[in-house]
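Report on one structure; see the data block that follows.
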């Protein structure tokens, strides 16, 4: 196996990792601000894939644009889900119980979304046909699939947009403040509950857009969430629960790990490497690469 | 500006404050001293709304603060500089200050406010791009104070600014507080463990012990009163 | 808590109902539903052992279910071994897996534990795929159907499943009424307080996990024979298994026998019927029902239907209005001079230092606590008092220095070990076990030295009597006054028969009367023969209560002596009020 082949695997891994990174940023944002592990993250992504598909049915919307267009409706959806469901779960005042209760709520949400979609839409996988899904850029000896490259580029742009939002706007800084110290944030006049809604809405919108990008080269079916939710969790834990840049790096790493695993294992086992990384991180460095606190008994 | 009548606060079943009444007139500098556990921080939290009260009334500019959310109270012009500074560690010094002027009326005057605060605390200008979490204790206290001032408040609540700081920094902080008082038209409510420094700055003071007001008086009266010592040492 | 006999009677009643249904139901399809109800109730009960009683929410319990399925079927296929014996092997494998998984995973706290449990079933799925076991069908054994669990009469499966349920009910009941059961619930309610009361939480969690693995494996084995017939990784290690388990428990109620039974009885028939009637037109209806149930339960009855129903029927438990309480308390002899402190050192602290990320919390602190004395630890805010207690109690290990208790080196030992040696503690904010009655709270302490539950209950009642709370023994902590909570915490601590009692601000939040009662209680602790070390801010009370005082300031020992000496020591006055106050008062 030559260097060129290795570089190919690395390149594919990075391209795929970019989309994973975008998915994971949404999850990290939600956890960072609200301390909620959103089990339904993958299911919202799946819905984003379907919406993008429907956009492309119109014939005029390119899937990449479609992915972008999922952002507004999903932001609103996320806000409503937060206000209507998550904000109403208190777990009896105990913060640990509340986290458990919200986790279980999102698990229930995940079940409902996946199965309702199976009920309403056909379980037959759909695909978006684009001319560039089957073409590739040639970068020296390395071939970069065009669909994945565009998806990577778009994911990068969106991630940068989120980064810009968080670092350059008042609202973004208020979000980060609410994540750092909700009590002190409220002393500055920041409505922490509204910040939670904002974080959830943004997190859902991002993962829906990621789904749209994914749809350019991955089949769309109601159960697709299951393949990716664990990848997202691992990426976020690897990066450090609550760290946005960490989640981005984590996503890239997971893409790489997945790709490199294919060097030694067959396709069905491509996630083995990912799980090994997961367990290693949890036991050796639970706070991940950029995380703030290590929680061990 | 601030009128508190018979306030009672309980935390998880423990009585933190009982039957506390005090008032702060506009432009006054009032100090609350007392030993640890007296309920001083709880009092400021009750004013800001992060500790729920179960008895009594807090009125600000004549308005009953009642069930107002903390963020709403901050929007009314109450700036709370919390105990332990509580700067946002993952944000830069500049970002912390900018967030201080989050409320609408302060946002308009943000650049002016920044200039004033950075003039007051030159070390913050030096460290503006540094993460707040990497600052020393004294610098964080200055940042927290500056953040509070950025809100252009009418009422400034200061919770134990000297806590955990060395004597020289503490002196600096108190000097700055004095300067702030003289240069701006602020009403200040200061909570402190350090008796003399706090009393010397104020117009009037209250002494709190185990959740109740045990002494009240003007500055000189309290400074000369040996009963203040009893509140701390029991003898 | 119902009496022991009533509990077992209720289990028998459930079994009786199960038998009646088995023989009453006619249609083959209804038998299938009945079997499923029994199996999922048993699965829920097994999950309940680790996640309900002990509060460690696991999202990977299906690992044991899958192990049960795969081991029994593979043993038939590869070795022709009857599943009746295969099940026993499967139990062994599952328990072993529980040990291997539990050992590293229980060291993770909070959300990390839950996330880690997600990974294991996924790993098993991959391993099974890799080993080539994507689809293992149970071979037909027409000659000896019974021997291979291949019944033609559906009632046989019902009875088998019912037997599994009955066994799991009995296991759960046995745990519930044992010392382990009480300890698990204490861990769930407040792990730190449980540790301070002598509960080795890691060991208890491991035992519970092993006990929870066995029934799950059996359920998996029976499920595969009664329902599945073909084992695939997805079917036995997949998300639907754990979802069903969770739904059954969460809807019915966690932490109780009846929860999973109620949950299964409600949810399984509902989803099965929906699946049969509209399942063709609406595939996935089961998932929607389960997901919806989880959402509704979390919104409206997060503890589960059993507890909600109990609350409604029994009314709010023990909302004590305890307004005028006369100063009860204290055993026979009282009076400060009744028992004088002895000269022997019970506790020796030598050169203890502790730093936290740059902050030196304790710096070379040394002192002795003598037998039967009341030693007060005071100091201004941030002096390191609570850190000192956490070191003495075992929650923290010092960076430098030694702690000797009763002549033995006690430095860095776990809180539960120290408790068993005789170090007891109460907390600044009372750490009760909120869903246990006062009596049960105190029993946790009593369990340090006794094992049988009735003995512990007797000791607990006696301890509660000593602090004047005997009449509230069956009340829940919510709704009790601060004074009562502190007295209960004290009784719980005393039930561990401590030689050294560490009291962290026992007077905080008490009014004048309450302070007097608490002081009396503390004095009576000393007359029981224990040494008391108190942290307090309420100086007035401490001055009359303590024999000696130690003053900490900025992590160092500043002064030591009688109350009078200490409060007149200029260094102490300066530490509390500042140099300038001292100067003003002329250093009185």
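Out of C:311, C:333, report the one residue that is under 30 Å from residue C:462 (Cα atoms), at pLDDT below 85 and within 14 Å of chain A (Cβ to nearest Cβ).
Going through C:311, C:333 in turn, just one is under 30 Å from residue C:462 (Cα atoms), at pLDDT below 85 and within 14 Å of chain A (Cβ to nearest Cβ): C:311.
Take residue C:555 and decide whether it is at pLDDT below 90, closer than 17 Å to residue B:167 by Cβ and more than 11 Å from every other protein chain (Cβ to nearest Cβ).
yes
Among the residues of the range B:46-74, which ones are crowded, with 21+ Cβ neighbours inside 10 Å and either in a loop (DSSP other than H, G, I, E, B) or within 14 Å of another protein chain (Cβ to nearest Cβ) (or both)? Full working, then the answer.
Quick first cut of the range B:46-74, residues crowded, with 21+ Cβ neighbours inside 10 Å only: B:46-49, B:53, B:58, B:65, B:70-71, B:73-74.
Passing the criteria: B:46, B:47, B:48, B:49, B:65, B:70, B:71, B:73, B:74.
Just give me the residues in the range C:544-564 being without any contact (Cβ under 8 Å) to a residue 40 or more places away in the chain and within 23 Å of residue C:361 (Cβ to Cβ), in sequence order.
Listed by number, the list holds a single entry, C:559.
Hey, among C:496, C:567, which residue is more than 11 Å from chain B (Cβ to nearest Cβ), over 21 Å from residue B:211 (Cα atoms) and either in contact (Cβ under 8 Å) with a residue 12 or more places away in the chain or within 31 Å of the chain's Cα centre (by Cα) (or both)? Lay out the reasoning, then the answer.
Numbers: C:567 fails: more than 11 Å from chain B (Cβ to nearest Cβ).
Exactly one residue qualifies, and that residue is C:496.
Of (1) within 14 Å of chain C (Cβ to nearest Cβ); (2) crowded, with 24+ Cβ neighbours inside 10 Å, residue B:200 satisfies all except one. Which?
Going through (1) within 14 Å of chain C (Cβ to nearest Cβ); (2) crowded, with 24+ Cβ neighbours inside 10 Å one by one, residue B:200 breaks only (2).
Does any residue of the range C:246-254 turn out to be surrounded by fewer than 23 Cβ atoms within 10 Å (Cβ to Cβ) and touching a helix residue (DSSP H, G or I) at 6+ places or on another chain (Cβ under 7 Å)?
Looking for residues that are surrounded by fewer than 23 Cβ atoms within 10 Å (Cβ to Cβ) and touching a helix residue (DSSP H, G or I) at 6+ places or on another chain (Cβ under 7 Å), one finds none in the range C:246-254, hence no.
Looking for whichever is closer than 24 Å to residue B:110 by Cβ, modelled with pLDDT under 90, in contact with a helix residue (DSSP H, G or I) (Cβ under 9 Å, 6 or more places away or on another chain) and outside any loop (DSSP other than H, G, I, E, B) here; the options are B:181, B:168. Which one fits?
Only one candidate qualifies: B:181.
Can you find, within the range B:1-16, the residue that is nearest to residue B:158 (Cα to Cα) among those that are touching a helix residue (DSSP H, G or I) at 6+ places or on another chain (Cβ under 6 Å) and either at the interface with another protein chain (Cβ under 10 Å from one of its Cβ atoms) or surrounded by fewer than 22 Cβ atoms within 10 Å (Cβ to Cβ) (or both)?
B:16
Looking at the range C:464-489, which of the residues that are within 22 Å of the chain's Cα centre (by Cα) and surrounded by 22 or more Cβ atoms within 10 Å (Cβ to Cβ) is farthest from the other protein chains (Cβ to nearest Cβ)?
Of everything passing the filter in the range C:464-489, C:464 is farthest from the other protein chains (Cβ to nearest Cβ).
Residues to consider are C:291, C:252; find the one that is within 24 Å of residue C:172 (Cα to Cα) and at pLDDT 90 or above.
C:252
Could you pull out the residue among A:124, A:134, A:117 that is modelled with pLDDT under 95, out of contact with any helix residue (DSSP H, G or I) (no Cβ under 7 Å at 6 or more places or on another chain) and within 14 Å of chain C (Cβ to nearest Cβ)?
Selected residue: A:124, the only one of A:124, A:134, A:117 that is modelled with pLDDT under 95, out of contact with any helix residue (DSSP H, G or I) (no Cβ under 7 Å at 6 or more places or on another chain) and within 14 Å of chain C (Cβ to nearest Cβ).
Take the residues of the range A:52-72 that are assigned to a helix (DSSP H, G or I) and out of contact with any helix residue (DSSP H, G or I) (no Cβ under 7 Å at 6 or more places or on another chain): which is surrounded by the fewest Cβ atoms within 10 Å (Cβ to Cβ)?
Step by step, filter the range A:52-72, then rank; the result is A:72.
Quick one: which of B:89, B:35 is closer than 25 Å to residue A:174 by Cα, within 14 Å of chain C (Cβ to nearest Cβ) and touching a residue at least 12 places away in the same chain (Cβ under 8 Å)?
Being closer than 25 Å to residue A:174 by Cα, within 14 Å of chain C (Cβ to nearest Cβ) and touching a residue at least 12 places away in the same chain (Cβ under 8 Å) holds for just one of B:89, B:35, which is B:89.
Results for (1) in contact with a strand residue (DSSP E or B) (Cβ under 9 Å, 6 or more places away or on another chain); (2) farther than 30 Å from residue C:127 by Cβ; (3) assigned by TED's automatic domain parsing to the domain that holds residue C:121; (4) in contact (Cβ under 8 Å) with a residue 60 or more places away in the chain, shown as yes or no for each residue.
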site	(1), (2), (3), (4)
C:195	no, yes, yes, yes
C:203	no, no, yes, no
C:207	no, no, yes, no
C:226	no, no, yes, yes
C:231	yes, no, yes, yes
C:245	no, no, no, yes
C:252	no, yes, no, yes
C:266	no, yes, no, no
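Quick one: in the range C:100-110, of everything that is facing chain A (nearest Cβ under 7 Å) and in a helix (DSSP H, G or I), which residue is surrounded by the most Cβ atoms within 10 Å (Cβ to Cβ)?
C:110
For the range A:177-190, which positions are surrounded by 24 or more Cβ atoms within 10 Å (Cβ to Cβ), part of a helix (DSSP H, G or I) and within 7 Å of chain B (Cβ to nearest Cβ)?
A:177, A:184, A:186, A:187
Please work out if residue A:200 is crowded, with 23+ Cβ neighbours inside 10 Å and either touching a residue at least 40 places away in the same chain (Cβ under 8 Å) or under 23 Å from the mean Cα position of the chain (by Cα) (or both).
Against the criterion (crowded, with 23+ Cβ neighbours inside 10 Å and either touching a residue at least 40 places away in the same chain (Cβ under 8 Å) or under 23 Å from the mean Cα position of the chain (by Cα) (or both)), residue A:200 qualifies.
Could you go through the range C:496-516 and let me know if any residue there is in a helix (DSSP H, G or I), surrounded by 22 or more Cβ atoms within 10 Å (Cβ to Cβ) and on the phi < 0 side of the Ramachandran plot.
no
Could you go through the range C:418-434 and let me know if any residue there is at pLDDT below 90 and buried (at least 19 other Cβ atoms within 10 Å of the Cβ).
Yes, the range C:418-434 has at least one match.
Among residues belonging to the range C:111-140 that are surrounded by fewer than 16 Cβ atoms within 10 Å (Cβ to Cβ) and in a helix (DSSP H, G or I), point out the one that is modelled with the highest pLDDT.
C:127
Could you list, in sequence order, the residues of the range C:570-588 that are in contact (Cβ under 8 Å) with a residue 60 or more places away in the chain, facing chain B (nearest Cβ under 9 Å) and either within 19 Å of residue C:374 (Cα to Cα) or touching a strand residue (DSSP E or B) at 6+ places or on another chain (Cβ under 6 Å) (or both)? Outline the logic, then answer.
Applying the first criterion (in contact (Cβ under 8 Å) with a residue 60 or more places away in the chain) to the range C:570-588 yields C:575-576.
Now narrow it down to the ones that are facing chain B (nearest Cβ under 9 Å): C:576.
Of everything in the range C:570-588, nothing turns out to be in contact (Cβ under 8 Å) with a residue 60 or more places away in the chain, facing chain B (nearest Cβ under 9 Å) and either within 19 Å of residue C:374 (Cα to Cα) or touching a strand residue (DSSP E or B) at 6+ places or on another chain (Cβ under 6 Å) (or both).
Among what's in the range B:135-165 and is outside any loop (DSSP other than H, G, I, E, B) and at pLDDT below 90, pick the residue that is surrounded by the fewest Cβ atoms within 10 Å (Cβ to Cβ).
B:137
The values are calculated or read from the model by the stated rules, or taken from the named source; none is laboratory data. Just so it is clear, the model here is predicted, and its values are computed rather than measured. All Cβ positions, glycine included, derive from the backbone under ideal geometry; neighbour counts span all protein chains shown.
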